1. Could you tell me how many of the residues in the stretch 257-281 are more than 24 Å from H335 (Cα to Cα) and touching an Asp or Glu at 6+ places or on another chain (Cβ under 9 Å)?
2. Within the stretch 59-117, take every residue that is in a helix (DSSP H, G or I) and among the aromatic types (F, W, Y) and give me the one that is modelled with the highest pLDDT.
3. Output the residue which, of all residues in the stretch 243-258 that are hydrophobic (A, V, I, L, M, F, W, C) and assigned to a loop (DSSP other than H, G, I, E, B), is surrounded by the most Cβ atoms within 10 Å (Cβ to Cβ).
4. Of the conditions (1) touching a Phe, Trp or Tyr at 6+ places or on another chain (Cβ under 7 Å); (2) in contact (Cβ under 8 Å) with a residue 40 or more places away in the chain, L11 clears all except one; give me its number.
5. Quick check on the stretch 433-440. Is at least one of its residues modelled with pLDDT of 90 or more, under 18 Å from E248 (Cα atoms), acidic (D, E) and surrounded by 15 or more Cβ atoms within 10 Å (Cβ to Cβ)?
6. Could you please give the count of residues in the stretch 418-438 that are more than 35 Å from the chain's Cα centre (by Cα) and of a type in the set (K, R)?
7. Evaluate the stretch 38-52: report whether one residue or more is part of a helix (DSSP H, G or I) and surrounded by fewer than 21 Cβ atoms within 10 Å (Cβ to Cβ).
8. Considering only residues that are assigned to a strand (DSSP E or B) and more than 26 Å from the chain's Cα centre (by Cα), look in the stretch 156-169 and name the one that is farthest from D128 (Cα to Cα).
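The values are calculated or read from the model by the stated rules, or taken from the named source; none is laboratory data. Since this is a predicted model, take the numbers as computed values, not measurements. Cβ coordinates were reconstructed from backbone atoms using ideal geometry, including for glycine residues, and neighbour counts include every protein chain displayed.
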Amino acid sequence: MERIKTGIKNLDYILGGGVPAYSLNIVSGSPGSGKTIFVQHIIFNNARDGLRSLYLTTISESQLKMIRHLQEFSFFSHELLGDKIIYGDMGAVLRKEGASRGLDYLVELIKKYLPNIVVIDSLKVIRDLFPDEKAFRAFVFELAALFSVWEITAFLVGEYEEEELTRLSEFAIADGIFHLYGQEEKRFQKRYMRILKMRGTSFQQGEHLFQISPLGIEVYPRLRPGGEELQYEVKRGRKKFGIQGLDEMLCGGLLEGTITLISGATGAGKTIFALKFLLEGVQRGERGVFLSFEESALQLQHTARYLGWSIDGYLADGQLEIKFISPIELDVDKHAFEILDMIREKKVERFVIDSISSFESSVSDVQKYRDYLWAIGQQLRREHVTTIFTVLNEDLFSPLVVSKAQLSLIADNIIILRYVEHNSSVKKVIGILKARGSDHDKSLREYEITAEGISILGRLDKMDMLK
């Protein structure tokens, strides 16, 4: 099937290669949802590839205002105007001379410019000019026939609410329907896109985040693995921590490509264990990324130096990368996609998120939080990236609890760090609760973190130390 690429970040991937050529597409949404920028971005991208677009507005004297706003975007180019992108006003003709003259006017422009793409913005305004539904329906069917005869790919823009998409006649003749909308969250507004229909081709269904930036439209596909995404090759190699006692407890280290949760109270050393895992990897020539929501890169470098770990050289040559993201500004939809994009680009073998508890604090829907972690985990397994998620247990002296969000289902391995009280002092204890596909030490051991690094000590000497 011949397709027209949109050129919008990730949208052609969602569409399976682009919009089918000669299709009639409706772009719907409420005012301010981004419809006009969406179609403008598409026609400017195609203009650079040599395709000509005819953009017809239905509100008088709106073209200059539209162009003035478009100049803020990097996809805009004055050089394309008048040649590859032609603007016209269809609304004035319809209002003064009626619907039949409006179609004649469109035919004249098509014959004159021979466009590959035609945009009408807004079709909803045209609907309001017709005396009844029957007359408008006839107009829409003639419009569709006209585009088909001239082999034109069309985009009809309109301010439609979601409930109108199933009952208005124009949606019956559409080959594709893009619905744009926003959701208000506590800190900022999010924009979403759903492709409700794309005749003759497959596409990724569901709710996709998009943003409007100086680059134009940027789409971030939803992450929710289907059955085929759950299939991946299992490797039997081991990834060591470089901590002698811990690697022994794990019978040689973590299995390659698995997901490990390190759960513990504040100050228990979750970050330090995870950082040591990455440093062991880069010393073996493996690329690692530490994604922090809690400590800056400078603070983590300071911690590593205090423990006597060489880190600066690996950061300088790019073998190790530490990225800090403020959880206040975290957008989990976009972030999940960017994580995987970065890992593939950098060919990362070891990866840490410290901590995924910050994910939970930035997402109002706990189920959505779990779904995204599940999707990220499955994709990381497919890429054979050995991953550690740290998670906060808020109860300092709790029983052996992983987390209140029931995240253990996403993990292949679970390491518990916790405090115990013994003889008027506080000790730190480590245990392996789970190691899928591998044997592991079932005992609980004390550990210390000093300027010399991490030391795994002997087993607990009394059962009641966990009370």
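1. Qualifying residue count for the region: 4.
2. Y113
3. L250
4. It is condition (1) that L11 fails.
5. Within the stretch 433-440, none of the residues are modelled with pLDDT of 90 or more, under 18 Å from E248 (Cα atoms), acidic (D, E) and surrounded by 15 or more Cβ atoms within 10 Å (Cβ to Cβ).
6. Residues of the stretch 418-438 more than 35 Å from the chain's Cα centre (by Cα): 419-429.
Applying the additional criterion that residues be of a type in the set (K, R) yields 427-428.
Here the count works out to 2.
7. Keep residues of the stretch 38-52 that are part of a helix (DSSP H, G or I), which gives 38-48.
After this cut, where a residue has to be surrounded by fewer than 21 Cβ atoms within 10 Å (Cβ to Cβ) as well, the list is 45, 48.
Checked against the condition, which is being part of a helix (DSSP H, G or I) and surrounded by fewer than 21 Cβ atoms within 10 Å (Cβ to Cβ), the stretch 38-52 yields at least one hit.
8. Here is the first cut: in the stretch 156-169, the residues assigned to a strand (DSSP E or B) are 156-158.
If we keep only those that are more than 26 Å from the chain's Cα centre (by Cα) too, we end up with 156, 158.
Details: L156: 15, G158: 11 Å.
Top of the filtered list is L156.
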